[in-house]
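Enquirer: Here it is, the structure, as structure tokens.
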Amino acid sequence: MSAGRGASAGRAEVCVVACAEAWRGDGEILASPMGVVPSIGARLARLTFAPDLLLTDGEALLMADVPALGARPQAVEGWLPFRRHLAVVAGGRRHVMMGAAQLDRYGNQNISCVGDWHRPERQLLGVRGAPSNTVNNPTSYWIPRHSPRVLVEKADMVSGVGYDRAAAAGPSAARFHRIRRVVTDLAVLDFETPERTMRVRSLHPGVTAAELRAATGFPLEVPRDVPRTRLPSAEELRLIREVIDPDGLRAREVRREVRG
């Protein structure tokens with residue numbers, strides 16, 4: 001990678017690469033990205049370091065090729081209707097990257113409602129498949145706007161199970177529970193601490209520790225030696241811009257740009 005090409009990457013492209021890295025080493029497993037940037041990331045992973053990754057067209061087909069966003073696959077390798085998709089979820093052969101209206105320091109996710117359960121301020125999607133996702137499969141999260149409204153001290157309603165609740169529920173919930181990554185437009189985070197609380201894995205280029213702390217609704221330690229999220233290579237930039245997302249849809253999901 002030349003420094004010039006890497007330095008030309010936008011914040012959205014840095015986030016794409018960070019999402020792609022969440023699937024590194026997964027092998028032959030179904031990737032279930034939710035959102036534009038995670039979808040580009042999963043396709044980038046398939047085209048580069050994760051050739052065995054399984055991708056769907058979002059309906060009922062397993063894609064043998066990697067089309068651009070919005071395009072139909074030209075080659076199909078399998079049939080995966082909703083019923084069979086649920087069997088894959090229960091069997092743990094899936095790594096989902098979900099969104100979150102709220103996410104707390106233990107990884108408890110809320111996509112159901114904001115405010116008191118009996119009289120919520122805002123009704124959202126509902127719990128949906130988040131509980132079964134989080135106790136059966138590796139799970140990651142994509143947060144396109146890192147803010148104290150999303151990264152909260154305590155989730156108002158728990159949809160996806162965090163580390164504290166999985167541990168309290170016992171082996172039936174904790175055995176296959178794993179939150180791999182949280183990718184936001186400011187940083188990459190994980191839960192690789194003794195207490196299984198959120199920590200900073202890397203800061204995106206141009207993001208300061210003070211900016212990250214101010215955008216988080218709970219105390220978040222940022223080590224002095226925390227690395228920077230890696231920049232895309234020249235080939236990754238080509239794949240993102242020319243093959244996977246030629247219409248530039250990624251920029252609509254990530255508004256902040258790289259500084260400095």
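Enquirer: In the range 129-260, what percent of the accessible surface is made up of carbon and sulfur (1.4 Å probe, ligands and nucleic acids excluded)?
Expert: Heavy-atom surface of the range 129-260 belonging to carbon and sulfur, 1.4 Å probe: 51 percent.
Enquirer: Please work out how much length the chain gains when fully extended from T48 to K154, using 0.36 nm per residue of separation minus the C-alpha to C-alpha distance, in nm with one decimal.
Expert: Between T48 and K154, full extension yields an extra 34.4 nm.
Enquirer: Next question, about the same structure. Largest first, what is the accessible-area ranking of S132, S172 with a 1.4 Å probe?
Expert: S172, S132
Enquirer: Could I ask something else about it? Given a Förster distance of 22 angstrom, what is the FRET efficiency for A167 paired with F218, based on the Cβ-Cβ distance and rounded to 0.05?
Expert: Here the calculated transfer efficiency is 0.75.
Enquirer: Accessible area per residue for the range 115-260 in Å², computed with a 1.4 Å probe and the full protein assembly in place, what is it?
Expert: That works out to 54 Å² for each residue.
Enquirer: What is the Cα centroid distance between the range 195-225 and the range 66-116, reported in whole angstrom?
Expert: If you average the Cα positions of each part, the centres end up 26 Å apart.
Enquirer: What's the carbon and sulfur percent of the range 1-115's accessible surface, probe 1.4 angstrom, rounded to a whole number?
Expert: 54
Enquirer: So, taking all protein chains as they sit and a 1.4 Å probe, how much accessible area belongs to R196, in Å² rounded to tens?
Expert: Rounded to the nearest 10, the figure is 100 Å².
Enquirer: A further question on this structure: Over the C-alpha atoms of the range 199-252, what are the Rg and the largest Cα-to-Cα span, Dmax, in Å?
Expert: Looking at the range 199-252, its Cα Rg and Dmax stand at 14.9, 40 Å.
Enquirer: Another question, then. Charges at C-beta only: +1 for Lys and Arg, -1 for Asp and Glu. How large is the resulting dipole of the chain about its Cα centre, in Debye rounded to 20?
Expert: Rounded to the nearest 20 debye, it is 280 debye.
Enquirer: What size of dipole, in debye to the nearest 20, comes out for the range 168-260 about its Cα centre when the only charges are +1 on Lys and Arg C-beta atoms and -1 on Asp and Glu C-beta atoms?
Expert: Charge dipole of the range 168-260: 200 debye, to the nearest 20.
Enquirer: Let's see if you can work this out: charge +1 on each Lys and Arg Cβ, -1 on each Asp and Glu Cβ, no other charges. What is the dipole magnitude of the range 71-122 about its Cα centre, in debye to the nearest 20?
Expert: With Lys and Arg at +1 and Asp and Glu at -1, about 240 debye.
Enquirer: Which value, in Å² rounded to 10, gives the accessible area of F82 with a 1.4 Å probe and all protein chains present?
Expert: Roughly 150 Å² of F82 is accessible to a 1.4 Å probe.
Enquirer: Rounded to a whole number, what is D in µm²/s for the range 65-203 from Stokes-Einstein with the Kirkwood radius over alpha-carbon pairs (20 °C, 1.002 mPa s)?
Expert: 133
Enquirer: For the range 1-153, what Kirkwood radius comes out of the mean inverse Cα-Cα distance, in Å?
Expert: 16.9
Enquirer: Ignoring everything but the protein chains, give the 1.4 Å probe accessible area of W117 in square angstrom, nearest 10.
Expert: It works out to around 150 Å².
Enquirer: Moving on. Quick one, what does Rg over Rh come out to for the range 31-75 if you take C-alpha atoms and the Kirkwood Rh?
Expert: 0.90
Enquirer: Name the residue, out of V37, V243, V161, whose mean-square fluctuation peaks in a Gaussian network model built on the chain with Cα pairs under 10 Å.
Expert: In the Gaussian network model the winner is V243.
Enquirer: Another question about this same structure. Let me check I have the definition right: for the chain, take the eigenvalues of the Cα gyration tensor, multiply each by 5, take square roots. What are those semi-axes in whole Å, largest first?
Expert: 27, 25, 16
The values are calculated or read from the model by the stated rules, or taken from the named source; none is laboratory data. What you see is a predicted model; the values in this text were computed from it and never measured. A quick note on method: Cβ atoms are made from the backbone with ideal geometry, for glycine too, and the neighbour counts reach across all protein chains shown. All accessible areas refer to the heavy atoms of the entire protein, side chains included, with ligands and DNA or RNA removed. Shrake-Rupley method; radii C 1.70, N 1.55, O 1.52, S 1.80 Å.
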